[in-house]
Amino acid sequence: MVSRGSEQTGIDRRKLLGGLSVAATGAVGAAVLGAAPAQAVAPNSTVALTGSGDEAAAIQAAIDAVPAAGGVVVLPAGTFQVGTTIELRSNVTLCGAGRSATVIRDHSSLGNHPVFAVVGSANDPLVNVRIIDLGVRNGTATTGAYVAGKGGVVVEHCDGFTFERCFVTEIQGSDGITFKYSRNILVQHCRFYRCTYSMLYVLVECEDIRVLENEFDTLTSTTAPNTYAIGTGSSRRGEGRYWLRNLWVERNVVRNNQTWEGIDCHGGENVFIRDNYVENCKVGVSCQNARNYVEEPVLRNVHVTGNVLVRGDGLPGNRGITVVGNLDVLSENITIADNAIHGFTGHPDAPGAIALYLVKDVRVLRNEIRDFAVFGVHLTNAVFGASVVDNLFHNVVDTPAGQEPSTAAIGIDGLGAYGDLTGDVVGAYGIRIEGNTVGADMQAKQPQWFLNVDRPTVSVQIGANEIRNVQQSVPYRNTRYLPVERDSTPRTHLVQKRGDVVADDLGRQRWVVAEPRTGFGSLDTTTVWAKVDMTAGSDLLELATGDWRKLPPGMNVVVSGAGTRGKPLRGTILEYREIAQIRLDAPANRTVHGASLRYDGLRLVTV
């Protein structure tokens with residue numbers, strides 16, 4: 001495994017955000033890249049090239065002459081054109097005289113084809129291929145649509161590929177370098193500059209990918225709806241079984257993608273995005289579990305830590321860090337920690353410097369969020385279990401046109417980017433908000449609230465936050481959805497678990513939940529949250545009408561008529577089998593159709 005970058009070359013986030021300048025960002029880029037000196041290689045052959053005309057045949061002949069045991073093909077300094085794609089084989093290293101000294105670029109006869117191909121097959125993958133110390137160019141990067149096929153390097157069905165100390169520029173096709181069905185990939189100490197659509201893209205069924213200490217600068221297309229400096233995903237639906245496994249994106253510098261994302265991941269397992277510097281990208285880091293592309297779509301075990309994300313051009317940003325699940329499979333086990341996020345104002349669908357929706361088991365820890373609009377952290381559309389702890393929120397800026405003008409350090413609601421998820425739904429379940437600090441340099445930059453909640457919540461706990469200054473006298477908006485009470489007796493909106501504390505609007509602890517002994521209960525035992533069907537002897541509950549997001553695992557519920565002799569059936573929701581199918585810890589005694597489902601009660605005691 002690759003060791004944590006922060007233990008070797010970590011970026012001082014506080015110094016960066018304390019006095020950011022163009023000169024400072026340039027210095028950070030140089031320090032982070034710190035390319036290692038070229039290593040000496042013993043060539044098997046050195047290719048004699050003239051620097052004029054199509055020289056693909058000479059390069060290809062030298063590669064084909066390397067014995068099966070392997071060897072090195074050395075290219076001299078100069079710019080050389082190729083009219084056919086150069087195809088590498090197993091155990092071959094192609095080495096130039098330096099990434100700016102040796103440049104392999106397109107001849108007019110290359111057409112819409114890549115410069116290099118490292119392509120095996122499912123039954124016979126290539127192994128141990130290296131391209132080092134050279135430059136790659138194909139056409140001219142354009143502000144319009146990319147030209148299909150006219151990429152830099154294509155890698156498919158390869159086990160063991162290294163791309164090191166290379167320079168990829170002026171790519172007119174979709175990708176500077178792209179990977180699919182490959183594993184054990186290393187891209188290190190490279191520079192990518194001026195590509196049309198994507199600089200580095202990892203497609204389906206790739207494993208053990210390391211993208212380390214590279215520079216990615218300037219995506220040119222202004223017409224493509226989404227462009228990526230570093231991206232992962234799929235080129236079409238149904239081309240793979242899974243997204244990816246084991247991805248490290250560490251200590252890279254990413255700049256200037258005004259259209260879309262600096263670092264993107266459309267799904268996978270064990271994703272580490274650490275200690276990168278991202279500047280002037282519309283979205284800093286985005287991880288989502290895209291639907292309907294692979295057979296087993298998941299996004300789990302994601303770690304976005306130690307990154308610096310900056311909108312240094314003064315333009316309003318979009319989102320700093322976004323993690324999204326989908327209706328079928330929530331993204332899970334997410335850590336967003338120790339990042340500095342400066343100048344991101346959110347998006348109308350997910351208005352937060354950090355935006356999370358359709359996720360579970362999330363930790364948002366020790367981040368510095370400055371110059372944000374609407375929300376610093378936004379939890380929306382079914383967030384199951386999140387800790388928002390020890391973060392700094394400092395200074396709000398003008399809200400972009402089309403977005404809600406109110407601002408809060410943290411926002412919880414039930415709306416989001418998925419149009420079918422609307423209505424009065426539960427926004428969050430099991431949320432811990434502790435140890436956060438909210439401040440501003442002047443009154444005009446103060447957020448209106450510390451916490452703005454627009455939808456019901458389940459078991460939210462708030463404590464030990466340092467709210468230095470907000471515009472409103474009460475730092476919470478919509479306290480009816482929170483364990484924060486202004487009345488002498490708590491109202492009926494509360495849904496909590498045993499041991500949860502309910503405070504007054506000044507933060508003083510007033511009540512504690514004594515019952516139920518396990519799971520969640522509510523003071524509201526009259527509202528019908530769903531109509532359900534159950535079969536006698538079965539513990540499965542089918543939703544006839546209602547919203548599954550109002551029925552989280554651990555909720556104690558009462559199903560009318562499904563108990564013994566037609567009495568109510570009490571049970572605890574254990575899990576979802578499907579969105580419309582829920583399993584209880586107790587079977588029905590009677591078959592019921594369209595039975596009313598309500599929350600079971602809770603009991604409070606005064607502290």
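Numbers at a glance
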read-out: Carbon + sulfur, % of accessible area of segment 236-321 - ligands and nucleic acids excluded, 1.4 Å; value: 41 percent
read-out: Alpha carbon centroid spacing (whole Å) that separates segment 156-214 from segment 76-125; value: 14 Å
read-out: Qualifying lysines (Cα of each under 19 Å from Cα of residue 150; at least 8 residues distant if same chain); value: 180
read-out: Residues in segment 452-478 reached by a label modelled at residue 437 [backbone nitrogen below 13 Å; 7 Å Cα→Cβ]; value: 465-469
read-out: Separation of alpha-carbon centers, segment 544-607 and segment 227-248, rounded to whole Å; value: 39 Å
read-out: Net length gained if the chain between residue 517 and residue 575 were fully extended (0.36 nm per residue, minus Cα distance); value: 19.0 nm
read-out: Evaluated at q = 0.10, 0.12, 0.14, 0.16 Å⁻¹: base-10 log I(q)/I(0), Debye formula over Cα of segment 143-290; value: -0.28, -0.40, -0.56, -0.76
read-out: Size-normalised alpha-carbon gyration radius of segment 131-196, reference 2.2 N^0.38 Å; value: 1.10
read-out: From phi via Karplus (6.51, -1.76, 1.60), per-residue ³J(HN,Hα) for segment 268-284 in Hz, x at Gly/Pro; value: x, 10, 6, 10, 10, 10, 9, 6, 9, 10, 10, 10, 6, 10, 4, 10, x
read-out: At R0 = 22 Å, FRET efficiency that the Cβ-Cβ distance of residue 525 and residue 567 yields, to 0.05; value: 0.90
read-out: 3J(HN,Hα) from dihedral phi, segment 386-395, Karplus parametrisation 6.51/-1.76/1.60, rounded to Hz, x for glycine, proline; value: 9, 10, 10, 9, 6, 9, 10, 10, 9, 6
read-out: FRET E, pair residue 607, residue 469, Förster distance 35 Å, beta-carbon r, rounded to 0.05; value: 0.80
read-out: J(HN,Hα) series, segment 69-85, from Karplus relation 6.51 cos²θ - 1.76 cosθ + 1.60, nearest Hz, glycine and proline x; value: 5, x, x, 10, 10, 9, 9, x, 5, x, 9, 10, 9, 10, x, 9, 5
read-out: Near-label residues of segment 148-165 by backbone N, under 18 Å of a point 7 Å along Cα→Cβ of residue 100; value: 164-165
read-out: With every protein chain in place, segment 102-235: carbon and sulfur % of accessible area (1.4 Å); value: 45 percent
read-out: FRET efficiency, residue 509 to residue 480 (Cβ-Cβ, R0 22 Å, nearest 0.05); value: 0.75
read-out: Pairs from 531/567; 282/550; 445/497 whose Cα-Cα separation, in the structure shown, is over 27 Å; value: 282/550; 445/497
read-out: Residue-normalised accessible area of segment 273-366, expressed per residue, 1.4 Å probe, Å²; value: 25 Å²
read-out: Under-5 Å amide H pairs with residue 140, H placed in peptide plane, nonlocal only; value: 172
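The values are calculated or read from the model by the stated rules, or taken from the named source; none is laboratory data. All values reported here derive from a predicted model rather than from experimental measurement. Cβ sites come from the backbone with ideal geometry, for glycine too, and all protein chains shown count toward neighbours. For the accessible areas, the whole protein counts, side chains as well, though only heavy atoms, and no ligand, DNA or RNA atoms are used. Shrake-Rupley method; radii C 1.70, N 1.55, O 1.52, S 1.80 Å.
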